[in-house]
Amino acid sequence: PLNRDTNQYLLTGMIEGEPLTFLVDTGASISAISYAFAQKNLAYAFTGQKVLLKTAGGQYQADVVQTDTLVLGENFELSVNNKELVVLSEGSSHGFDALLGLDILARFHFAINADDRSLILQLP
């Protein structure tokens, strides 16, 4: 199930056992995590690596964290084995803890059903 907040679809889930809210972002090529969530819950997972992000707001150097487990929704566990997530700049996420981008969504045939507010994921 998805929550709809204005023009955004939000999905509850977990990263490494920590609950969070994903913004489903089909326009994002990579998934990302908020600075606040990463500092509070994944401080041990920072790799020391930085990547250049090009966003609608400009370019900046982003930290990288590494994770093994994502849970989407209430019970869809996805093993991602050393998945790297970029860390969004401080204060750039409002109402969500992470972006769920195409690097994860494209592993599936996926659809957003606006009528019943659900994200449908099927293995290819």
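The values are calculated or read from the model by the stated rules, or taken from the named source; none is laboratory data. Computed from a prediction, not measured in an experiment: that's the story for all the values here. Because the Cβ atoms are built from the backbone with ideal geometry, glycine has one as well, and the counts that use them run over all protein chains shown. To get the accessible areas, we keep the full protein, side chains included, count just its heavy atoms, and leave off ligands, DNA and RNA. Shrake-Rupley method; radii C 1.70, N 1.55, O 1.52, S 1.80 Å.
Please work out if Val71 is out of contact with any Gly (no Cβ under 6 Å at 6 or more places or on another chain) and part of a strand (DSSP E or B).
The answer is no for Val71.
Say whether the condition of being aromatic (Phe, Trp, Tyr) and open to solvent by 30 Å² or more (accessible area, probe 1.4 Å) is met by at least one residue in segment 26-39.
Yes - at least one qualifying residue is present in segment 26-39.
Pull up segment 71-106, narrow it to residues that are free of Cβ contacts under 8 Å to residues at least 24 places away in the same chain and open to solvent by 80 Å² or more (accessible area, probe 1.4 Å), then point me to the one that is nearest to Gly57 (Cα to Cα).
His94
Given the structure, is Leu121 out of contact with any helix residue (DSSP H, G or I) (no Cβ under 6 Å at 6 or more places or on another chain), buried (at least 19 other Cβ atoms within 10 Å of the Cβ) and free of Cβ contacts under 8 Å to residues at least 60 places away in the same chain?
Answer is no for this residue.
Test Lys54 against the stated conditions and say whether it is open to solvent by 70 Å² or more (accessible area, probe 1.4 Å) and assigned to a helix (DSSP H, G or I).
When the stated conditions are applied, Lys54 does not pass them.
Working only within segment 19-40, note down all residues that are in a loop (DSSP other than H, G, I, E, B), of a type outside the set (S, T, N, Q) and under 20 Å from Glu77 (Cα atoms).
Hits for segment 19-40 are Asp25, Ile30.
Applying the selection to segment 89-106, what residues are outside any strand (DSSP E or B) and at pLDDT 90 or above?
Result: Phe96, Asp97, Gly101, Leu102, Asp103, Ile104, Leu105, Ala106.
Please list, ordered by first then second residue, the pairs with beta carbon atoms under 7 Å, 6 or more apart or interchain, first in segment 35-64 and modelled with pLDDT under 90, second open to solvent by 60 Å² or more (accessible area, probe 1.4 Å).
Listed pairs, sorted by first residue: Leu53/Gln59; Gln59/Leu52.
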